[in-house]
Structure formats: C-alpha cells, structure tokens
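Following: one structure in structure tokens, then a few remarks.
The values are calculated or read from the model by the stated rules, or taken from the named source; none is laboratory data. This structure is a prediction, so every number in the text was calculated from the model and none was measured. Counting neighbours? That spans all protein chains shown, and the Cβs are built from the backbone with ideal geometry, glycine included. Each accessible area value is taken on the protein alone, full model and side chains, heavy atoms only, with ligands, DNA and RNA left out. Shrake-Rupley method; radii C 1.70, N 1.55, O 1.52, S 1.80 Å.
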Amino acid sequence: MLTAIITMCALAAVFGLILGFVAVKFHIEGDPVVNKVDALLPQTQCGQCGYPGCRPYAEAITKGEADINQCPPGGEATIDALADLLGVDSKPLNPENGTEAETKTVVIIDEEICIGCTLCIQACPVDAILGAAKQMHTVITDECTGCDLCIPPCPVECIYIVPVKTELTTWKWPSPDANQIPVEIQQNGTGTK
Amino acid sequence: MSSNKSKLWSFPGGLHLPGHKEISTRQAIGKNFIPSKLILPLQQHIGEPSEVIIETGDRVLKGQVIARANGYVSVPLHAPTSGVISSIEECAIPHPSGLAAPCIIIEPDNKDEWITLDKPGSYKDLDPSALRNRIRDAGIVGLGGAGFPSFIKLNPGARTAVDELVINAAECEPYITCDDMLMRELADEIIQGIRIMQHALQARRCLIGIEDNKPQAYEALSNALRESGKDTIELISIPTIYPAGGEKQLIKVLTGKESPSQGLPLDIGVVCQNVGTAQAVYQAIINGKPLISRIMTLTGEGIKQPGNHEVLIGTPVDEWIQHCGGYQDSVKQLVMGGPMMGFNLATDQLPVLKTTNCLLALNEAANSPAINAMPCIRCGACMEVCPAKLLPQQLYWQAFAKDFDKIQDYKLFDCIECGCCSYVCPSQIPLVQYYRFAKTEIWAQERDKTKSDHARDRHEFRLERLEKEKQEREERMRKKKAALQAKKGTTNEKDAKKDAIADALARVKAKQKQNPAESKNIDNLTDEQQQKINDIESRRQKQDSSTEKQPDSNKTAE
C-alpha cells in the first residue's frame, strides 16, 4: 500500500517536472491560430471588415466574433483559404463589407494640388506616403496596399485611385477560355476534384 | 570523337514530328542589312532590364554600350550599328502578352562604323573569371531561346566541379534551322567557342549533341574538330525525337544523368550551352565583338524566300521580311520561335530580339486556342508522350479547377512546355496553355504573399512606432508635471503668485530708496505757478473725495 502511494507520488512528481520543463522550453509566443488566420489575410489594413486592421480581424475570427466573409480585398480566395483552415463551410462575401475589386489598385497624389497637410500620412497604415508639413507628399506605390484610407482625410481631394500597371514580370497567361469548352467537361472537371 | 563509341540513353516520351527543315536550308546564310530603324528593348534576357546610359540625340557607334547591366542577373546592350538615338520610349515588344516595354530606338546612319574593339589575343592567358566578365560585357545570353545570361551559367561556383559541358546542337523543333546553318558555315568558330567555355568552366569533357537529321552540320563540326586536334570534345549524333533539344532531355540522352526535379543541371555537374551561344562567345573573346546580331530562320509557307539570315538585333520584323522577298499567299499566323513552343505575334511591327531564333509565317492557323477543344476522353496519350514523366491529364484537371496547391503536387514546375501533350491530344485541348496559366497564377499568388507579408511588417512597425511616440509624449508630460510640483514645494499656487508680487514690490521700493526719483520740473517755480498748482491739487482732492463716495469704487478705498 505505502509502496504504491510512494510510487504514484514519485511518478506524478517526475511527469510534473517533465511537463513543466516542456511548457517552458517549447513555449509558443502569441496565439498560433491567430497567426495562421492573419497569414491568410491580404494585409491591406483597410478596415473594410469593420476591424481596425487585419490582425484585429484575425483575432475576432479566432474568437468567433467575426465571420470569415468580411474581407473584400481578399475576396473568394481568402474566404476559401480561411474556410479550409478553420474547417467551416465557405460562403460568399458579405456585401455589407464591400465588393471584391476586379483589378488591384494603388493611389497616387496629384502633386500640383497637394497642400502638404500630412493628413494622409497619418491615415496610411503602412507608412507608404512620404512628405512633411507644407511640403509636397508622394505615395511610394510599391508599398501601397490599395486600402484607400488616405482618400477621405484629404481636404483638397488630390489623391486618385489608379489600377496597378501590368508589367512583363507581372503579366499572367489568360486562362484558356472555359466558355469555349463544352459543358460536359465542366461537369467532369468538378466531378474529379 | 566518333559517335559509334558512345553509349546513348533515352528520355521518356517524345514525338517524331515532320521536320519542315528543308524549306529554309536551300540557300546560304544571308548577310545582315541595315534597316531604317532599330528597336532595342532593354530587357532581352532573364533578370533585371539593362540601364540606359545614353541620351536621345547621341550618336553611337556600332558595338557601343547603350545600356549597362543592372545588377548581377543582367547583361549590357550594344548598338547593332552606328547611328543616332532617335528616342527612348515604350514600344510594343515581341512577347505573348503584347505589352509595351522601354526600348532604345536607333536611326542608323548607314556608315556601320565600329568602335575600337578590344581583342585579348589568347583566351588561354585569361583566367575563368576574366573570361566570364568579357562574356558578360559582350551582352551574351543563351541563344537557344530562354535568354539566361551566359556568364552566370559559366560560373559554377567554388563548390561544384563541372564534369561535362553539354553543347546543344539538337535543334529539335520543326522548321527551325538557324543552328543547322550556323554549324554548316561556321563550325570552326563554334568549336573554338566551345573550347573557351570549357576553359571557363574547367570542365573535364565536352559533349556535343546533334540530331541525326543534320548530316551536313555533323560533317562540318566533325571536320572542324579533326582539324583542331584530338581532345576532350566529343561529337555525338542522337536520334531525332522531339524534344531532344530540351536541356534536361539532351543531358539525359548524352550522359544518362537525370536533372533533379526543379533543380539545375549544375546540381549533377553538367552545364548545357547552345551552339549559337558558343559562336557568340568566340566572337566576343577572340574578336572582341559584342552580341549585336544573330542567325535567324525566316520560314513557313507564307514566306516567299525562306532561309537563314544574319539579322541585327532590333530589326523590325516587317523590314526583315520585305528585305527577303516578302510574304506570299495569305498569312494567317505569324509565330516567333517554332511551331511547338513559339508564340503568336499580333503584328509584324515588332523588333527581333537576342533570343529570336525563328520567325514562322503560316498559311493555316495551326495552334489556335480552345475553339476546337472537345471533352477529355482520358485516353492517356498525353502521358505517354510527356518527356518530363508528368501526368498531363491530372495537371489539366487541377489547372481547370484552379486548384493551384494540388497542381504543384503533380510537379507543374517540371513541365518544360514542349507542347507534346497538346499535339497528341485527340480532343485538341490546349493543355500547355492551361499549364502556363497555372504557372503565372501561382507566381502571382507568391508575389501577393510576399507583398502582404511586407505590408504586415510595415503595419506592425507603424503600430510599434505610434505606441512608442505615445509613451514618450506621456513620459514628457509626466516629467513636466513632476518638475512643477517640485518647484511649488509646500505653498500653493496663489501664495506663490502673491509672494512673487510682494518680492517685486520690495525690489522696487529698495531701488527707490537708493536713488529717490525727483521731478525736476517743479523746482524754482514762480509764486504764480505755485498758486496754480495748489489750485489744481485742491480741485483734484475734491474730485477724489467725490469718487470715494461712490459705492463701487473700492479701488480707491484700498
């Protein structure tokens, strides 16, 4: 009887030590699920989802406060990826949050009109606008995520949305037009997936 | 040296295609001509576009550098003839996208005046690194089609020893004969170029793979080799099976070695170069001439006088065709490259590039897109011909379903886009187009991922910065408050003010005591004046007493 109790206590102590050690040694910073969700979001930081950025939205999704279909810049692809990650059904984009843009855009500042008020700089979530008070501002287009958050604060309406220019390095082969292929193939195609 | 001794291997799949090569091999290589203008895109190679170093209006000489290499994976661009830079602008370039790209446009002065060429003499005195620099400075890229800067391929790095240099003389695609004609006419230059490359690579041996449908070229190379003495270069005739000229396929046939999936031939100690590149290297090292022209095939049923020509890089296609007799019948399709791997040109107002090996004018639209496509019947013919041992049908389903994760499990990126699967498909499905579509989609996704990661970093940094600024501001305010608190000590604010006033008054009084102010204008007054003053004083006192009576005049009371 006594031996059994001692043995059990000893075992408990040993396992406790191992667990304690492992908890310290392999400690994970942050919430891994939030990180995974955040990694799938497009990082435009546009706030169209109703949260102040992609990470807060990721946190809300993880907590179950937000739905997965609130991200217009990510669109269908992001929703599918989120559904895949979280093991839920995919659903169409919530129209309340906006519509998926056909082409990617960035903004440019009309430097003739800009009065150098710095309001857009304060609005930019990724520090993609360069300028100083009463100096001309300009957008670093490579860094611009196309969130359009700089447009409402501009007092002189000198910020325009322009589509991202397709270059040789970013050009994509078009899909062979699916419409020209008989319908039977489409059924086959979805059937094999 | 003889082909009989060497054992040959084979690659899976492949096709026997009608060659159509005799059309363009009837006449000798046509000498170059100077067109009315030259359009030189800054990007004719894989890597960063070259950087312009001249200005509009400058006169340039033949062979002068007009754009320098920008970064490591880049090569310079040279003026193909002497003339004046008429503009530097965006022009349509031959590319499947039909997009415009920055180009330098030269108006030739027809003097064809060379710059002074720097000839090093013997290449054997130069070490491999110096050779590579010269090859780079000559703007040489792989002339087989991809256009990868050649000097990089000749730089195996310190850790990799190169066993074999494989020279690609297969020219497996139908219609194309530029390498064939080059070998027939300039075999000596090719062999010397190969020796230079072998020296640069310090390769143990060299294998030249040539398809057995080019007996004259084989003969010419064989003679050139015999004259230059017995050595480590081996000329090997291989069976004509498309795509034997694919880099990995040729290496397999000649050495039996298989390049790793998504790896480079260098990983198995092999470097592969094209015969055209070898000749360009010879010109660069022995004659000091940069790459400003190349042999190109002009062929197809739509061309009056098919043949091979030495064409200046940047020559507009229409001028070249007109120079060679023009079109015949109605041309339905203009293809740059071969019929299997080439791409359609929308117009003939486009320049030829360093990588252009062939221009094909067809009377019948051969590879029109999906219009005739029928449902896949799962016959498996595509799988049997795939030279990369892939499953084209599976790739097709995944590309069709846009499942870009799964398609990579089927090794999409090992597809060399040779077109065998599309060629044999009984349903005429444009399979290669699907693969190209999927590849560029995947690259776009990867770019987006990199960009969004970057945006996340920048956003997080911004949040961090704002937080830091806020903390600093709070810190400053706290410090200021603390300082004020310390100054006040025990007394409250009102007392402090009163004290300050009292101090000031005391100071003034002390000053007045030291030197009392005396008004000088009341000295030595006459009696009359004194009388007036007294009157005024008495009047004032009367007024004062009357104001004192008013209830709100507490100022005077105090």
(request) Confirm whether residue B:434 is farther than 26 Å from residue A:74 by Cβ and either over 25 Å from the mean Cα position of the chain (by Cα) or within 14 Å of chain A (Cβ to nearest Cβ) (or both). (result) no
(request) From (1) more than 17 Å from the chain's Cα centre (by Cα); (2) assigned to a strand (DSSP E or B); (3) surrounded by 17 or more Cβ atoms within 10 Å (Cβ to Cβ), pick out the condition that doesn't hold for residue B:54. (result) (2)
(request) State the number of residues belonging to segment A:97-116 that are open to solvent by 50 Å² or more (accessible area, probe 1.4 Å) and of a type outside the set (D, E, K, R). (result) 6
(message) Please count how many residues of segment B:135-146 are touching a helix residue (DSSP H, G or I) at 6+ places or on another chain (Cβ under 6 Å) and either open to solvent by 40 Å² or more (accessible area, probe 1.4 Å) or of a type in the set (D, E, K, R) (or both).
(response) 1
(request) Mind counting the residues in segment B:98-129 that are modelled with pLDDT under 90, open to solvent by less than 50 Å² (accessible area, probe 1.4 Å) and not in a loop (DSSP other than H, G, I, E, B)? (result) 2
(message) Which numbered condition in (1) touching a Leu at 6+ places or on another chain (Cβ under 8 Å); (2) open to solvent by 10 Å² or more (accessible area, probe 1.4 Å) is the only one that residue B:82 fails?
(response) (2)
(request) Identify the residue in segment B:373-403 that is open to solvent by 20 Å² or more (accessible area, probe 1.4 Å) and under 29 Å from the mean Cα position of the chain (by Cα) and, among all such residues, is farthest from residue B:445 (Cα to Cα). (result) B:388
(request) Out of B:60, B:73, report the one residue that is open to solvent by 40 Å² or more (accessible area, probe 1.4 Å), of a type in the set (A, V, I, L, M, F, W, C) and out of contact with any Cys (no Cβ under 8 Å at 6 or more places or on another chain). (result) B:73
(request) Hey, can you tell me all the residues within segment B:201-222 that are in contact with an Asp or Glu (Cβ under 9 Å, 6 or more places away or on another chain) and assigned to a helix (DSSP H, G or I)? (result) B:216, B:217, B:218, B:220
(request) Output the number of the condition that residue B:88 fails; it satisfies all remaining conditions of (1) among the β-branched types (Val, Ile, Thr); (2) out of contact with any Cys (no Cβ under 8 Å at 6 or more places or on another chain); (3) surrounded by 15 or more Cβ atoms within 10 Å (Cβ to Cβ). (result) (2)
(request) Give segment A:149-170 a look and list any residue that's modelled with pLDDT of 90 or more, open to solvent by less than 80 Å² (accessible area, probe 1.4 Å) and either more than 21 Å from the chain's Cα centre (by Cα) or more than 14 Å from every other protein chain (Cβ to nearest Cβ) (or both), or say none. (result) A:151, A:153, A:154, A:155, A:156, A:158, A:159, A:162
(message) Criterion first (among the acidic types (Asp, Glu), modelled with pLDDT of 90 or more and farther than 23 Å from residue B:462 by Cα) does residue A:127 satisfy it?
(response) no
(request) Take segment B:229-274 and flag every residue that is in a strand (DSSP E or B) and among the hydrophobic types (A, V, I, L, M, F, W, C). (result) B:233, B:235, B:236, B:238, B:270, B:271, B:272
(request) Tell me, yes or no, whether segment B:411-422 has at least one residue that is within 20 Å of residue B:335 (Cα to Cα), among the acidic types (Asp, Glu), under 31 Å from the mean Cα position of the chain (by Cα) and within 14 Å of chain A (Cβ to nearest Cβ). (result) yes
(request) Could you tell me which residue of segment A:122-148 is farthest from residue A:74 (Cα to Cα), considering only residues that are among the polar types (S, T, N, Q) and more than 10 Å from chain B (Cβ to nearest Cβ)? (result) A:135
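Table: residues versus (1) free of Cβ contacts under 8 Å to residues at least 40 places away in the same chain; (2) out of contact with any His (no Cβ under 7 Å at 6 or more places or on another chain).
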residue	(1), (2)
B:289	no, yes
B:298	no, no
B:309	no, yes
B:312	no, yes
B:319	no, yes
B:347	no, yes
B:350	no, yes
B:358	no, yes
B:380	yes, yes
(request) Could you list all residues from segment B:371-410 that are among the aliphatic types (A, V, I, L, M) and more than 9 Å from chain A (Cβ to nearest Cβ)? (result) B:377, B:381, B:383, B:385, B:388, B:390, B:391, B:395, B:407
(request) Could you pull out the residue among B:512, B:485, B:445, B:433 that is in contact (Cβ under 8 Å) with a residue 40 or more places away in the chain, assigned to a helix (DSSP H, G or I) and open to solvent by 60 Å² or more (accessible area, probe 1.4 Å)? (result) B:445
(message) I'm checking my understanding of the structure. Among residues of segment B:448-461 that are facing chain A (nearest Cβ under 7 Å) and of a type in the set (Lys, Arg), which one is most open to solvent (accessible area, probe 1.4 Å)?
(response) B:458
(request) Would you check which residues across segment B:36-49 are in contact (Cβ under 8 Å) with a residue 40 or more places away in the chain and either in contact with a helix residue (DSSP H, G or I) (Cβ under 7 Å, 6 or more places away or on another chain) or part of a loop (DSSP other than H, G, I, E, B) (or both) and list them? (result) B:36, B:37, B:42, B:43, B:44, B:45, B:46, B:47, B:49
